[in-house]
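A short write-up of the structure that comes next.
The values are calculated or read from the model by the stated rules, or taken from the named source; none is laboratory data. This is a predicted model, so every value here is computed, not measured. When we count neighbours, we look across all protein chains shown, and the Cβ atoms used for this are built from the backbone with ideal geometry, even at glycine.
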Amino acid sequence: MTLARGLTILTLLFCTSVQADAPRRVISMNLCADQMVLLLAEPGTVASVSFLTADSQESPVAHLVGDAVLNHGQAEEIIALEPDLVVAGRYTTSAAKVLLRRLGYEVVEVDLPPSLDGVREAFLSLGEVLGRQQRARDIIGEIDQRFSQLDRRVAGHSFGSVLILDANGFTVGRPSLIDQMLSRIGLYNVAADLGVGDFGQLSLEAVILAQPEYIVRLSYRPNSPSLANQTLSHPALMKFLGDQRMISIPQSWVSCGGPYLVDAASHVLDAVNAQQVRFEP
């Protein structure tokens, strides 16, 4: 046997071993974990995801759910599906995770990445657990390539100040993944100047006094009126906006990080460059 042939056989044996050890029935119990699992896992191996992920208003990967069973994060549901790997959020379904571990199930926790570097690490770590390291590297490569394209469009320019605005006046400050995204496309997040950390709430008066040049609204079920969303269409805010810009993006694009964060960044940059107002009452 030649050395080259021997190395080839060893490589094939190694790949076969990795494939054989990879989980074949994966269950995810968390919205953000679902997104990563559906993007990473080998097709046909995802047995169940959380019910929220099948809702396109909650998740940008609803189209990938297919025939996966929908769960509500209950241990009884998970056990009945006989998984060989359970993926969960760090701060959700705590009781179910404890019980599943006591019963001997492998439970892996994923966290909401706080930065673009964190997104890379999260995908690489879960990709290794799923035996899909190359797929993880491909996703990260795509994210980096698309952000590099945005970098070339921004070319070091500053496009002014911005404020993220969600229902009930909630906003995102610094440090946060969204703040990093805004900085990447040449926008300055004024929420940080108002003492907001990664997440906080601002009064209507504080929003107006901050005088951001752009407001990025996180749109969630725009056709379902609610008291929480009335802040976003308050007459005082609309009067202040005048020729200012309100840009609307789906909340689901920025909830978990990952490839859809680039969609959000691209959409905001397009709107800023076009100097357009986009408001969905």
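Scanning the stretch 110-119 for residues that are touching a residue at least 24 places away in the same chain (Cβ under 8 Å) and closer than 17 Å to A33 by Cβ returns V110, L112, P113, P114, G118, V119. Pairs linking a residue in the stretch 175-191 that is within 15 Å of R217 (Cβ to Cβ) to a residue that is of a type in the set (S, T, Y) and buried (at least 22 other Cβ atoms within 10 Å of the Cβ), with Cβ atoms under 6 Å and 6 or more positions apart or on different chains, are A191/T171. Here the stretch 178-211 is the region considered, the condition is being closer than 18 Å to D270 by Cβ and not aliphatic (A, V, I, L, M), and the residue that is surrounded by the fewest Cβ atoms within 10 Å (Cβ to Cβ) is S183. Figure legend. Inter-residue proximity from the stretch 83-97: first residues closer than 20 Å to A122 by Cα, second residues hydroxyl-bearing (S, T, Y), beta-carbon distance below 8 Å, spacing 6+ or different chains. Indicated pairs: V86/S28; V86/Y105; V87/S28; A88/S28.
Going residue by residue through the stretch 227-243, is there one that turns out to be in contact with a helix residue (DSSP H, G or I) (Cβ under 7 Å, 6 or more places away or on another chain), modelled with pLDDT of 85 or more and surrounded by 14 or more Cβ atoms within 10 Å (Cβ to Cβ)? No, every residue in the stretch 227-243 fails to be in contact with a helix residue (DSSP H, G or I) (Cβ under 7 Å, 6 or more places away or on another chain), modelled with pLDDT of 85 or more and surrounded by 14 or more Cβ atoms within 10 Å (Cβ to Cβ). Within the stretch 100-108, the presence of a residue that is surrounded by 13 or more Cβ atoms within 10 Å (Cβ to Cβ), touching a Ser or Thr at 6+ places or on another chain (Cβ under 8 Å), at pLDDT 95 or above and of a type outside the set (S, T, N, Q) is excluded.
In the stretch 147-169, the residue that is farthest from G258 (Cα to Cα) out of those that are surrounded by 16 or more Cβ atoms within 10 Å (Cβ to Cβ) and either among the basic types (K, R) or under 20 Å from the mean Cα position of the chain (by Cα) (or both) is A167. The residues of the stretch 63-84 that are of a type in the set (A, V, I, L, M, F, W, C) and in contact with a helix residue (DSSP H, G or I) (Cβ under 7 Å, 6 or more places away or on another chain), listed by number, are L64, V65, L70, A75, I78. In the stretch 48-67, the qualifying residues are those that are crowded, with 22+ Cβ neighbours inside 10 Å and small (G, A, S), and the one that is nearest to I249 (Cα to Cα) is S59.
Close contacts from the stretch 218-246, counting a first residue that is under 26 Å from Y260 (Cα atoms) and a second that is surrounded by 13 or more Cβ atoms within 10 Å (Cβ to Cβ) and modelled with pLDDT under 75, with Cβ to Cβ under 6 Å and a gap of 6+ residues or different chains, come to R245/V277; M246/V277; M246/F279. Count, please, the residues in the stretch 70-80 that happen to be assigned to a loop (DSSP other than H, G, I, E, B) and either among the polar types (S, T, N, Q) or surrounded by 14 or more Cβ atoms within 10 Å (Cβ to Cβ) (or both). Adding up the residues that qualify gives 2.
Residue-by-condition table, conditions (1) over 30 Å from L237 (Cβ atoms); (2) acidic (D, E); (3) not in a loop (DSSP other than H, G, I, E, B):
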residue: A88; (1), (2), (3): yes, no, yes
residue: L112; (1), (2), (3): no, no, no
residue: R120; (1), (2), (3): yes, no, yes
residue: L126; (1), (2), (3): yes, no, yes
residue: G131; (1), (2), (3): yes, no, no
residue: S148; (1), (2), (3): yes, no, yes
residue: R153; (1), (2), (3): no, no, yes
residue: N168; (1), (2), (3): no, no, yes
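Of all residues in the stretch 123-159, those being touching a Lys or Arg at 6+ places or on another chain (Cβ under 9 Å) and without any contact (Cβ under 8 Å) to a residue 60 or more places away in the chain number 4.
Only residues that are surrounded by 24 or more Cβ atoms within 10 Å (Cβ to Cβ) and without any contact (Cβ under 8 Å) to a residue 24 or more places away in the chain were counted in the stretch 32-47, giving 1.
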